[in-house]
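J.: Structure in structure tokens, see below.
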């Protein structure tokens, strides 16, 4: 079985500061990794994905993530956050055409 | 190009009632998955439909059932509603099964179900 652990339930950060949201996964098979963002009262929007190739993945809105197979991690980073980045962020994993398994989410709060 | 659409947006039901939620996948997608997101939690997989058949199912009771139509749209039905069924129900669609392009799922805005 697969599982995802998002190590921080809440992350407050000042505007224009860098941020890292941590994600660790557990799986006995090859994985594909995703980060989704959810704004209040909305569905999930894909930020970025790792399917294969380069372990550094760039996504929308200036976010990037690095797949680290030895540490089973897929941490999300942004060098300078904006107020509009305030949202819930979910890390998810699957093994191809299998259901996505999500973490419990990290609430990012950007402070002016 | 319309993305994944869901209806209704919000729904209030009473315990014991039945509810039907609807989903239209993104154009070109033939696989539909349903997830339940309780307040403060990540989404949990309910089931997936492909070629009008339930292909995979998560750990949900038989009160949760679904259907996929020939145009790939889908319905989620929940019978004998419980207070604990109150959640955001998300529909996701994906490309035809095959290579890595089919591993990514696109989500709709969700249906907020409140059971009183």
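The values are calculated or read from the model by the stated rules, or taken from the named source; none is laboratory data. Being a predicted model, the structure only gives us computed values, none of them experimental. So basically every Cβ, Gly included, is an ideal-geometry build from the backbone, and we count neighbours across all protein chains shown.
J.: Filter the range A:10-32 for residues that are at pLDDT 95 or above and not in a strand (DSSP E or B) and give the result.
T.: A:15, A:16, A:17, A:18, A:22
J.: When residues of the range B:90-110 are filtered for being assigned to a loop (DSSP other than H, G, I, E, B) and touching a helix residue (DSSP H, G or I) at 6+ places or on another chain (Cβ under 7 Å), how many remain? Working first, answer last.
T.: Our first condition is that a residue be assigned to a loop (DSSP other than H, G, I, E, B); within the range B:90-110, this holds for B:95-99, B:103-105, B:108-110.
With the extra rule that they be touching a helix residue (DSSP H, G or I) at 6+ places or on another chain (Cβ under 7 Å), the set shrinks to B:95-96.
Final tally of qualifying residues: 2.
Here is a yes/no grid of residues against (1) more than 15 Å from residue B:77 (Cα to Cα); (2) surrounded by 14 or more Cβ atoms within 10 Å (Cβ to Cβ); (3) more than 11 Å from chain A (Cβ to nearest Cβ):
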{"site": "B:12", "(1), (2), (3)": "no, no, yes"}
{"site": "B:19", "(1), (2), (3)": "no, yes, yes"}
{"site": "B:27", "(1), (2), (3)": "yes, no, yes"}
{"site": "B:35", "(1), (2), (3)": "no, yes, no"}
{"site": "B:43", "(1), (2), (3)": "yes, yes, no"}
{"site": "B:47", "(1), (2), (3)": "no, yes, no"}
{"site": "B:56", "(1), (2), (3)": "yes, yes, no"}
{"site": "B:63", "(1), (2), (3)": "no, no, yes"}
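J.: Any residue at all in the range A:71-79 that's without any contact (Cβ under 8 Å) to a residue 40 or more places away in the chain and either loosely packed, with under 15 Cβ neighbours inside 10 Å or out of contact with any helix residue (DSSP H, G or I) (no Cβ under 8 Å at 6 or more places or on another chain) (or both)? Walk me through it before giving the result.
T.: Restricting attention to the range A:71-79, the residues satisfying the condition of being without any contact (Cβ under 8 Å) to a residue 40 or more places away in the chain are none.
So far as the range A:71-79 goes, no, none of its residues is without any contact (Cβ under 8 Å) to a residue 40 or more places away in the chain and either loosely packed, with under 15 Cβ neighbours inside 10 Å or out of contact with any helix residue (DSSP H, G or I) (no Cβ under 8 Å at 6 or more places or on another chain) (or both).
J.: Does residue B:76 qualify as being away from chain A (no Cβ under 12 Å), farther than 20 Å from residue A:31 by Cα and crowded, with 20+ Cβ neighbours inside 10 Å?
T.: yes
J.: To continue, here is another question. Check off (1) within 14 Å of another protein chain (Cβ to nearest Cβ); (2) surrounded by 21 or more Cβ atoms within 10 Å (Cβ to Cβ) for residue B:97 and give me the number that stays unchecked.
T.: Checking residue B:97 against (1) within 14 Å of another protein chain (Cβ to nearest Cβ); (2) surrounded by 21 or more Cβ atoms within 10 Å (Cβ to Cβ), the one that fails is (2).
J.: Being over 14 Å from the mean Cα position of the chain (by Cα) and without any contact (Cβ under 8 Å) to a residue 60 or more places away in the chain is the filter here, so list the residues in the range B:87-111 that pass it. Steps first, answer last, please.
T.: Our first condition is that a residue be over 14 Å from the mean Cα position of the chain (by Cα); within the range B:87-111, this holds for B:95-104.
Once the filter is applied, which keeps residues that are over 14 Å from the mean Cα position of the chain (by Cα) and without any contact (Cβ under 8 Å) to a residue 60 or more places away in the chain, the range B:87-111 yields B:98, B:99, B:100, B:101, B:103, B:104.
J.: With the requirement that a residue be at the interface with another protein chain (Cβ under 9 Å from one of its Cβ atoms) and in a loop (DSSP other than H, G, I, E, B), what does the range A:33-44 give you? Talk me through it step by step, then tell me what you get.
T.: Initially, the range A:33-44 is screened for residues at the interface with another protein chain (Cβ under 9 Å from one of its Cβ atoms), giving A:34, A:36, A:38, A:41-44.
Within the range A:33-44, A:41, A:42, A:43 qualify.
J.: Taking strands (runs of 3 or more DSSP E) that do not extend beyond the range A:45-104, which have at least 3 residues that are within 14 Å of another protein chain (Cβ to nearest Cβ) and either out of contact with any strand residue (DSSP E or B) (no Cβ under 8 Å at 6 or more places or on another chain) or within 13 Å of residue A:35 (Cα to Cα) (or both)?
T.: Values: elements: A:56-58, A:64-68, A:73-78, A:87-94.
Those strands (runs of 3 or more DSSP E) span A:87-94.
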